[in-house]
């Protein structure tokens with residue numbers, strides 16, 4: 001496609017009916033096409049790479065600071081816990097979660113009791129469930145895994161490339177629109193100069 005545009009521009013340069021504005025529009029189209037084919041993918045790759053590095057560091061930090069432990073269900077709470085309503089928890093752990101009051105031990109061995117969110121199907125009192133805690137022993141979300149982080153990075157890179165391509169096309173359309181407005185303005189001025197004498201040539205006036 002790029003080659004066809006370049007060849008078209010070369011033909012237009014030697015076309016006697018081709019206006020200077022036509023050549024400018026063609027060059028604008030070629031520049032936009034090159035940006036969408038070259039710059040947008042590079043930008044997407046760069047954004048995806050930076051996002052992947054940041055998320056990988058986040059994954060490592062979460063795995064260092066969060067600990068899996070076993071808890072024993074005591075009873076169902078009277079209301080829904082804040083943890084279960086956390087949108088990030090819903091995305092990370094899944095939307096089908098239940099809040100229960102459970103006993104567990106912190107990483108330092110301290111006995112803890114509180115409301116936790118679990119995806120276990122059995123939550124009767126006395127049931128053992130798996131939960132995640134932070135270094136202090138407070139309930140925490142399951143740490144992100146590397147595959148999820150990589151998926152988010154890929155999606156971020158694709159999104160950045162698509163946005164860059166869309167912005168390039170918008171910019172091209174704006175530039176072409178401005179060029180057309182200027183062309184129409186020049187035509188209006190030219191018509192204003194010759195319009196009053198149109199069709200009167202040779203009448204002797």
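The values are calculated or read from the model by the stated rules, or taken from the named source; none is laboratory data. Please read all numbers here as calculations on a predicted model, not as lab measurements. All Cβ positions, even for glycine, are placed from backbone atoms using ideal geometry, and neighbour counts span all protein chains on display.
Restricting the search to the range 129-140, which residues are part of a loop (DSSP other than H, G, I, E, B) and in contact with a strand residue (DSSP E or B) (Cβ under 9 Å, 6 or more places away or on another chain)? If you could, list the steps in order and put the result at the bottom.
As a first pass, look at the range 129-140 and keep what is part of a loop (DSSP other than H, G, I, E, B): 134-138.
Within the range 129-140, 134, 135, 137, 138 meet the criteria.
Given the options 137, 109, name the one that is surrounded by fewer than 18 Cβ atoms within 10 Å (Cβ to Cβ) and at positive phi.
Details: 137 fails: surrounded by fewer than 18 Cβ atoms within 10 Å (Cβ to Cβ).
109 is the lone residue from the list that is surrounded by fewer than 18 Cβ atoms within 10 Å (Cβ to Cβ) and at positive phi.
Of the residues 202, 114, 126, which is modelled with pLDDT of 85 or more, assigned to a loop (DSSP other than H, G, I, E, B) and more than 22 Å from the chain's Cα centre (by Cα)? Show your work before the answer.
On the way: 202 fails: modelled with pLDDT of 85 or more; 114 fails: assigned to a loop (DSSP other than H, G, I, E, B).
It is 126.
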